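All of the numbers you see were taken from the coordinates with simple rules; none came from a lab. Remember, predicted model here, so these are calculated numbers, not experimental data. Glycine gets a Cβ as well: all are built from the backbone with ideal geometry, and neighbour counts include every protein chain shown.
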């Protein structure tokens, strides 16, 4: 019987040591997370997400798909972190604009979307103009985009660069705000 006692004590000590190293101090002290700490946890994670949004008339207005969506619900607002988001805007039954970026954040049920990292907005059908910028804010329901960063607009071999942009995607109207430089190739 005595030969088992040292082994039981050693196993118990190892188990307690592992439990202490794997458990956060708050759990050991019996503390519960605050509401603010609780809000930091994701409420939902979706891989391969795709959503469709319709106009008041019932026609497809835009689609959003992403490799991963991490959704957070807060007391007064919500936020969805997007990995490799793509948005497609429609006019009637035709796709008109396509956006792509590395990351994005959608606020308040998608009313405002901030795209970052190699953002491109392409006019469809191709070949159309392509806008490139490091960061842009899109209001999908209004089909409006804006940025205060440097923007390059390419139309075939022609390039226009400037700082800041406002784009009304519904009206196909793009305005560069300052420091505009253009280069055109004669055809």
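Tabulated data
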quantity: Residues 54, 62, 90, sorted so that the one with the fewest Cβ neighbours within 10 Å comes first; calculated: 54, 90, 62
quantity: 88, 7 arranged by Cβ crowding within 10 Å, fewest neighbours leading; calculated: 7, 88
quantity: Residues residue 43 and residue 10, FRET efficiency given R0 of 41 Å [Cβ-Cβ distance, rounded to 0.05]; calculated: 0.45
quantity: Computed label-point distance, nm, for sites residue 135 and residue 78 using a 7 Å Cα→Cβ extension; calculated: 2.5 nm
quantity: Ordering of 164-174, 131-141 by packing [mean C-beta count within 10 Å, highest first]; calculated: 131-141, 164-174
quantity: Relative contact order (%) - criterion: Cα under 8 Å, at least six apart; region: segment 38-176; calculated: 13 percent
quantity: Distance between modelled label sites at residue 118 and residue 65, nm, 7 Å Cα→Cβ extension; calculated: 1.9 nm
